[in-house]
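Heads up, the thing below is written out as structure tokens.
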Amino acid sequence: MPIIVTGGSNLVQMQDLDSEGQVAKKLLSQAGVEPARVIIETQARNTYENFQKIKPLLPKPAGRYILVTSAFHMPRAVGVAKQQHINVIPYPVDYRSDKPNNRYWDFDLSAHLAVLETACHEWLGLVVYYATGKTQSWFPQATVSVDKKD
């Protein structure tokens, strides 16, 4: 079973640094994953390009793939996958709402603005992706069908 990683850098001033894909390949290799199982795409600069650039590299275009990304980013990623006709099974990670420091009230404006910035980025991304036709709905949700064998 292949492991597919997509992710480049959208930072113009840091193009000479290792991309997410290159880092993932090193980590997977160190974890003992055979290099032949790993498919890496390092040119994508955003979520839309992740799926656009990985689609031609998929071993089975009509196959199902587990999509691992941050929970806050999952709706937009699923929406783009659907629009690109890539069948994904969402596996959200990096939940931020259950962290102890997010469960109480205080007046640390700086810390709260950092959390708010991530949320605003994703909500704005959902609106822009829907308005530009990169997703079919404003808040995409996965529709996972499970094949039952008798």
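Here L58 meets each of (1) of a type outside the set (F, W, Y); (2) out of contact with any Ser or Thr (no Cβ under 9 Å at 6 or more places or on another chain); (3) open to solvent by 40 Å² or more (accessible area, probe 1.4 Å) with one exception, condition (3).
Annotation note: Cβ proximity below 9 Å between a residue of segment 67-83 that is under 17 Å from I3 (Cβ atoms) and open to solvent by 20 Å² or more (accessible area, probe 1.4 Å) and a residue that is modelled with pLDDT of 90 or more and small (G, A, S) (sequence gap 6+ or interchain) occurs for L67/A77; L67/A81; T69/A77. Restricting attention to segment 48-65, the residues that are under 11 Å from the mean Cα position of the chain (by Cα) and either among the hydrophobic types (A, V, I, L, M, F, W, C) or under 15 Å from D94 (Cβ atoms) (or both) total 1. Scanning segment 34-53 for residues that are within 11 Å of P2 (Cβ to Cβ) and not small (G, A, S) yields E34, R37, V38, I39, I40.
The values are calculated or read from the model by the stated rules, or taken from the named source; none is laboratory data. Quantities reported herein were computed from a predicted structural model and do not represent experimental measurements. Methodologically, a virtual Cβ is constructed for each residue, glycine included, from the backbone with ideal geometry; neighbour enumeration extends over all protein chains shown. Just the protein is used for accessible areas: all its heavy atoms, side chains included, with ligands, DNA and RNA removed. Shrake-Rupley method; radii C 1.70, N 1.55, O 1.52, S 1.80 Å.
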